[in-house]
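The values are calculated or read from the model by the stated rules, or taken from the named source; none is laboratory data. It should be emphasised that the depicted structure is a prediction, and the values quoted were computed from it without experimental measurement. We place every Cβ from the backbone using ideal geometry, glycine too, and count neighbours over all the protein chains shown.
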Amino acid sequence: MTWAVAVRVLTQLRRDPRTVALLLVVPCLLISLLWWMFEDSLGDPFDRVGPALIAMFPFTVMFLVTSVTTLRERSSGTLERLLAMPMGKLDFLLGYAVAFGVVAAVQSLLAVTVSVGLLGLDVEGPVWLLCVVAIADAVLGSALGLFVSAFARTEFQAVQFLPAVVFPQILLCGLFVPRDSLPTVLHAASDVLPLSYAVDAMNHLTRDADTGTVWLDVLVVAAFALAALALGAATLRRRTP
């Protein structure tokens, strides 16, 4: 059942070129735009913010597309028809997670290839591990999107979760101010936000190649993703009232 749902979602995405462009092309374009902005700046600021961008853009795009797509399934009655079959809510969510996980892998590989291969981002650790972190982060965005879609009644409401769920994580992940320099309360808040660990892992790979710490951060991100899927299965409704 999980595999059938995943194949169905991937087939739908293949027939929607605009969504595919949003998922695969837009993160690379945004990273390239930031590189272009910093091209003539002193001190190679792109090497400082680039790792966070690889974590942030795929996470944000996957969250947005997954939450809207899942809500559309429920509001159109498709979810209710699917759950009338011998399929549980967890099968549905896992199928979506697998499908968007495949997309996340492609998306992350493209983002890392553009950042390292074309834009010259310096990486001290193995590039393949950078791809692993990027994929885990994109899957996290999908899992959180699946979870929050249960609390929205319209696609507009699903989009409104973006500033509530994603923006605080972007502000506190260390992109603008190093997490160690944050006020005590904000630093404590950043410790319970999963994007912080993805950005930390990226920074370790590009600066000191501390792979042991990187794997611990990846495990934390994966744990948040699994928790989001479990909560999504518990709160998913068959249809929108």
- Query: Does region 8-20 contain at least one residue that is at pLDDT 85 or above, buried (at least 21 other Cβ atoms within 10 Å of the Cβ) and touching a helix residue (DSSP H, G or I) at 6+ places or on another chain (Cβ under 8 Å)?
  - Reply: no
- Query: Of all the residues that make up region 177-197, how many are outside any helix (DSSP H, G or I) and under 17 Å from the mean Cα position of the chain (by Cα)?
  - Reply: 2
- Query: Out of Val123, Val114, which single residue is modelled with pLDDT under 85 and surrounded by fewer than 21 Cβ atoms within 10 Å (Cβ to Cβ)?
  - Reply: Val123
- Report, by residue number, each residue of region 45-60 that is out of contact with any Gly (no Cβ under 7 Å at 6 or more places or on another chain) and not aromatic (Phe, Trp, Tyr). Pro45, Asp47, Arg48, Val49, Gly50, Pro51, Leu53, Ile54, Ala55, Met56
- Counting only residues that are of a type in the set (Val, Ile, Thr) and without any contact (Cβ under 8 Å) to a residue 60 or more places away in the chain, region 194-230 contains a total of 2
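Rundown of residues vs (1) at pLDDT 90 or above; (2) loosely packed, with under 14 Cβ neighbours inside 10 Å; (3) among the β-branched types (Val, Ile, Thr); (4) in a helix (DSSP H, G or I), yes/no style:
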position: Leu146; (1), (2), (3), (4): no, no, no, yes
position: Val159; (1), (2), (3), (4): no, no, yes, yes
position: Val166; (1), (2), (3), (4): yes, no, yes, yes
position: Leu175; (1), (2), (3), (4): no, no, no, no
position: Val199; (1), (2), (3), (4): yes, no, yes, yes
position: Val220; (1), (2), (3), (4): yes, no, yes, yes
position: Phe224; (1), (2), (3), (4): yes, no, no, yes
